[in-house]
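Chemist: Have a look at the structure that comes next, please.
Where a number appears in this text, it was derived from the coordinates with a stated rule and is not lab data. What you see is a predicted model, and the numbers here were worked out from it, not measured in a lab. Methodologically, a virtual Cβ is constructed for each residue, glycine included, from the backbone with ideal geometry; neighbour enumeration extends over all protein chains shown.
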Amino acid sequence: MSHTSARPRSALTIAGSDSGGGAGIQADLKTFAAHGVHGLSAIAALTAQHTRGVTAVHAPPVAFLRAQIDACFDDFDVCGVKIGMLATAEIVEAVAAALALHPDVPVVLDPVMIATSGAKLLDDDALGALRERLIPRAHVLTPNLPEAELLLGRRIAAGADADVALAALRALGAQGVLLKGGHLDEGDEVIDRYADAATAFAHRAPRLDIDGHGTGCTLSSAIAARLALGDEAAAACRAGIDYVHRAMRDAYRPGRSAVSVLGHLGPIAS
């Protein structure tokens, strides 16, 4: 890709909007800004939500989503893409078709498929389309453990299972996979596992006693931002994990629940 001094590098998020400001598009744009890249957005779903839950969801017409994506690529130097929740197979197909026109742009796919309650967010058609159309396009795939279990059709109950799952996830076609470890009990640490064709590592960090909202969105958008700035995938993932850890340390509670929103620009004054 060519870059000119007149235009800053941009990162595009294709995801859902969180009216509560803690996750989705809102978290992605805060993360992009914190990394010094220009943030673009194509909204795949509108949600009415706050720190206590989601009260309504509306998906705009697929043609309008495609128009948003095309408009971003038409005018900006898009150097990285983050994909979040895509509610239907039709939406997955539209996003895949749009990105097929820009094969050199790195894509970070956060396969948002499981709600915090444990409810499945994608029907079988959408899950199949995700596997076939978007995972092979991904520069980095960033599932958590429940999402990895759904993708692989197997339980991940221990660290050894996660090591095996990482290899199986790579076999789905993504260039690199970051298997997030927050849902796995491995003591006082969270162990995130990464592998691509050339590099593998396990990133260990102390487990923080925080009920954080938007951690997965923030991680995937931080990785996309680092890729947009020119990092290799493994380095981008390490930097993204560190960014989320700092943002969790600076988290705050803007709502009436015990759920915290990540602090993207440092602590919020009380």
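Chemist: Starting from the alpha-carbon convex hull of region 1-74, give the projected area averaged over all orientations, in nm².
Modeler: Here the figure is 5.6 nm², rounded to one decimal.
Chemist: Amide H neighbours of Ser19 under 5 Å, at least 5 residues apart or on other chains, H built in the peptide plane: list them.
Modeler: Under 5 Å from the amide H of Ser19 lie the amide H atoms of Thr47, Gln49, each far enough along the sequence or on another chain.
Chemist: Now for a separate question. Taking Cα centroids, how far is region 131-203 from region 2-42 in Å?
Modeler: When both Cα centres are located, 25 Å separates them.
Chemist: Could I have the simple spin-label model distance between Arg204 and Gln175, label points 7 Å from Cα toward Cβ, reported in nm to one decimal?
Modeler: 3.0 nm
Chemist: Also: So what is log10(I(q)/I(0)) for region 1-152 at q = 0.10 1/Å, when the Debye sum runs over its Cα atoms only?
Modeler: Treating every Cα as an identical point scatterer, log10 I(q)/I(0) equals -0.33.
Chemist: While we're here: Using the crude model of +1 on Lys and Arg Cβ and -1 on Asp and Glu Cβ, and no other charge, please compute the dipole size for the chain relative to its Cα centre, in debye to 20. Before the final figure, lay out each step's value.
Modeler: Numbers: 23 positive and 30 negative charges, 89 e Å.
Its charge dipole is roughly 420 debye.
Chemist: Could you list Ile14, Ile210, Ile135, Ile69 in order of exposure, starting from the residue whose Cβ has the fewest other Cβ atoms within 10 Å?
Modeler: The most exposed by this proxy come first: Ile210, Ile135, Ile69, Ile14.
Chemist: For n ≥ 4 DSSP H runs only, could you compute -39500 (n - 2.57) per run for the chain, divide by its residues and tell me the 222 nm figure to the nearest 500? Walk me through the intermediate numbers first.
Modeler: On the way: 8 runs with 93 residues, N = 270.
Result for the chain, helices only: -10500 deg cm²/dmol.
Chemist: Pulled fully out, how much extra length does the chain show between Arg52 and Asp242, if you take 0.36 nm times their separation in residues and subtract their Cα-Cα distance?
Modeler: Net length gain for the segment: 65.7 nm.
Chemist: Running Debye on region 177-266 with equal point scatterers at the Cα sites and no solvent, what base-10 log of I(q)/I(0) appears at q = 0.15, 0.22 Å⁻¹?
Modeler: Each listed q corresponds, in turn, to -0.57, -1.12.
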